[in-house]
Structures are given as structure tokens and as C-alpha cells.
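The values are calculated or read from the model by the stated rules, or taken from the named source; none is laboratory data. Keep in mind that this is a model prediction, so the values were computed, not measured. Counting neighbours? That spans all protein chains shown, and the Cβs are built from the backbone with ideal geometry, glycine included. Surface areas here come from the heavy atoms of the whole protein model, side chains and all, with no ligands, DNA or RNA. Shrake-Rupley method; radii C 1.70, N 1.55, O 1.52, S 1.80 Å.
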Amino acid sequence: MGWPAIEQPFKVLHGGVSALISEAMASMGAHMASGLQRVAGIHLSINHVKSARLGDLVLAEATPFSIGKTIQVWEVRIWKLADPSNTESSKSLVSSSRVTLMCNLPVPAHAKEATENLRSHAKL
């Protein structure tokens, strides 16, 4: 049985899941770039270039396009990998997105633990 929440009836990755991954990756990057302040997505534009089928391994990468004090723009690309041991030569672009986020919002007290957890796993 497949994962009905993440795939279309044709057994391909649902575009909404690609959008979710894109906004999540950009939000984590913006959170780190803003000094661990709260961020909120305000615009998402995504292009679906190729399908990823059920069972394909996908790789997502978020890159800052513009980092300002109150607004950040990130580009997120999602690839499927034909050979996980050689990511550079086996990548095939699935989607490309641009995410705009409002930054430097105060972090509520109940969310401080999430900030520390993210800091411990970041590659910055």
C-alpha cells in the first residue's frame, strides 16, 4: 500500500508535498539567517519540472537569494536521485521554487525548545 497523503493516484509525488518541503526548507534557512528569530512565509511560487515516483529518493536544497532584516527570499530545488552514492551526476530536477518570508518576528516562549533543536542539527 502506498502513501496516499504524499502521492497522486498515478503514484507520483504530490505537488503539495513539494511545496511543503520547499517552504519548510526556506523557513529553516531564514530562521537560522535571522539569528534564530521567528519567520513566516508570505509567498511561494513553485514550478514542477519532472515527476518523482513512489520509491524515488529525493534531495532538497535551499539557497538564499536575498537576506534582508525583515524580508528574505530563498530558492529551493528538489531533485530525484538515480544513484544516492553519487548525488552530483545522478540528480534530476523535480521542482524549483522561490519562497519569500517575513523575518525577525519574536519567538514565543513555548517555541524556544524548537529553536535549540534546529541549532543542534544545522549545517551552518
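Work out how much length residue 82 to residue 120 would gain on full extension: take 0.36 nm times their residue separation and subtract the Cα-Cα distance, in nm to one decimal.
10.7 nm is the gain from fully extending residue 82 to residue 120.
Skip the ligands, DNA and RNA, and give the accessible area per residue of the range 1-96 with a 1.4 Å probe, whole Å².
In whole numbers, the range 1-96 has 60 Å² accessible per residue.
At a threshold of 8 angstrom on Cα-Cα distance, excluding pairs fewer than six apart, so keeping six or more, what relative contact order does the range 5-78 reach in percent?
Rounded, it is 34 percent for the range 5-78.
Based on the mean of other beta carbon atoms within 10 Å per residue, what is the order of 64-72, 29-37, most packed first?
Order by mean packing, descending: 29-37, 64-72.
Within the range 5-124, how many Lys pairs that are eight or more residues apart, or on different chains, come under 25 Å at the alpha-carbon?
11
Please compute the volume of the convex hull spanned by the alpha-carbon atoms of the chain and report it per residue in Å³.
Spread over its residues, the Cα hull of the chain gives 132 Å³ apiece.
Going highest first, how would you order 48-60, 91-103 by mean Cβ packing within 10 Å?
91-103, 48-60
Roughly what angle does helix 15-33 make with the longest principal axis of the chain, taking Cα atoms, 0 to 90 degrees, to the nearest 10?
Tilt of helix 15-33: around 30 degrees.
Expressed as an acute angle from 0 to 90° and rounded to the nearest 10, what is the orientation of the C-alpha long axis of helix 112-121 relative to the principal long axis of the chain?
50 degrees
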